[in-house]
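Rule-based calculations on the coordinates, nothing more; no lab input. The structure displayed is predicted, hence computed values, not measured ones. Positions of Cβ are backbone-derived with ideal geometry, glycine not excepted, and every protein chain shown enters the neighbour counts.
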Ligand code: WT7
């Protein structure tokens, strides 16, 4: 053990860690056994909603608390597993009554309210594909995703509908039903919508769960690429096997423990670990309906007696900035495990955890495409601050280089950076990019799935994150496609061309900066710059809009006309410019 490692804490009395010893767990693990441990048998049927909810009710534990929702005024709404079962059965019945067939896409655009969770589990129960959309998206990203996803049903609130969906509704040809949650009963229901509560009220509270199997598509999550439109990642009902196994092995969840995943269900973490995996373990989910606030978060951790906390580097950095006095306002005797995901977790943040809570943050790595945690710091293992940890049992993870001949070679040296590659075959591996089989095939090579992340792997098998292998930007934990932002900017009448890059930001990791080339003859003036910024915010929403816009008279392009974001970024940050052989310009 080197001086900088942080020793593992003893397992909680009477429980022991699910993964007590890494080598033993790895050697004895099999996915068949993991499936059996979850489902209890060799039944060919598998449904996420059943595994998350019914298994507890069937064992007589329906009274266990499945979720606690906390609102602005700190009012709590508690939902038991039995209640959750009835609520999601009602929604499944609503879908069936509306004539929504198995395999159809049901989308939500909702804040973290109970209806979001019951819609997700109800849609899965009915055999539909559930597609969560982030509530902070603007009309443009919503339109793209609803169209690409072929969504037939959308559940949203009256406010979100009026602001974001009504303006794009005419373009949504495949959308058959919009179900509205009305905040204010005095306000009329928007035209062309039906009321969610009314349909739910008249629906029966039991439902024969659809006879889905491991390979049936269950979830549709949109993720970003460097070029082109967002990609619809499909995960199957089989994903629940890996989400359950990792909820035990990595997050160490036990029945009736209090678990707080701070990720929004608009993104994959908020579904895989904000809903599915933890419920299969029988925990109580804490759902904070409000946005980030340091004092509020500390109060929730203490008052709700959170046992396990899964959060993200941006939030941790914001807590660090807020100062230790705020941390010290409470005590956290129940908190026994803290984990992080989504962006690089710097060593200082891991160590700050020890200072603030007497324990480190455990970094974990995965992607929308992997459907579950793949690399992790396990609670029973010492933590090497700055490292993402080791491959989860059942997962073969390596770093590879592309050989001169074009094939892949596994890197043995601890010093060489390569691309993270995973051996296909784990149950939550994505089953496709929607309507894009070519792009899917291109993610695999020589028997490996290529993750698009660069890393080093040391002699102990620990992975160290280096960066993305493409131009995709991670800002505040959200994966953002420069292309999508550029497309929105180019819809402004004065803009001829746009390029978007990530620039370092102390809190968000990266912030978006856009470079805009104006059309011929349009003067580069401040009011126009602000107008373009406003235009981008309106179209894209706060989560995706660039923070900064600069005018540029000549964006660097390749000879074939593609904008070289990488060069733009190198110039902006004063980095080496790299290979410029394809740059356009005087010969
Ligand atoms: C990308 C995936 C992780 C699920 C939610 C986000 C980056 C993820 C880490 C980490 C450094 C990380 C990678 C990855 N990322 N975890 N521990 N350290 N980077 O899923 O939106 O598909 O993003 O997030 O670049 O490829 P996603």
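Could you list 460, 363 so that the one with the fewest beta carbons within 10 Å of its beta carbon is first and the one with the most is last?
With the sparsest Cβ surroundings first, the list reads 460, 363.
Provide the packing ranking of 371-384, 60-73, i.e. peptides ordered by the mean count of other C-beta atoms within 10 Å per residue, highest first.
Top of the packing list down: 371-384, 60-73.
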Average Cα contact separation per residue, segment 415-528, under 8 Å, 6 or more apart, as relative contact order %: 18
Going by how many other Cβ atoms sit within 10 Å of their own, how do 143, 562, 231 line up, fewest first? 562, 143, 231
In what order do 108, 159 fall by count of nearby beta-carbon atoms within 10 Å, going from fewest to most? 159, 108
Kindly provide the helix-only [θ] at 222 nm of the chain, computed as the sum of -39,500 (n - 2.57) over DSSP H runs of four or more divided by all residues, to the nearest 500 deg cm²/dmol? -7500 deg cm²/dmol
For segment 418-445 and segment 9-54, what is the centre-to-centre distance using only Cα atoms, to the nearest Å? 24
Within segment 34-457, percent of DSSP bridges classed antiparallel, to nearest 5: 45
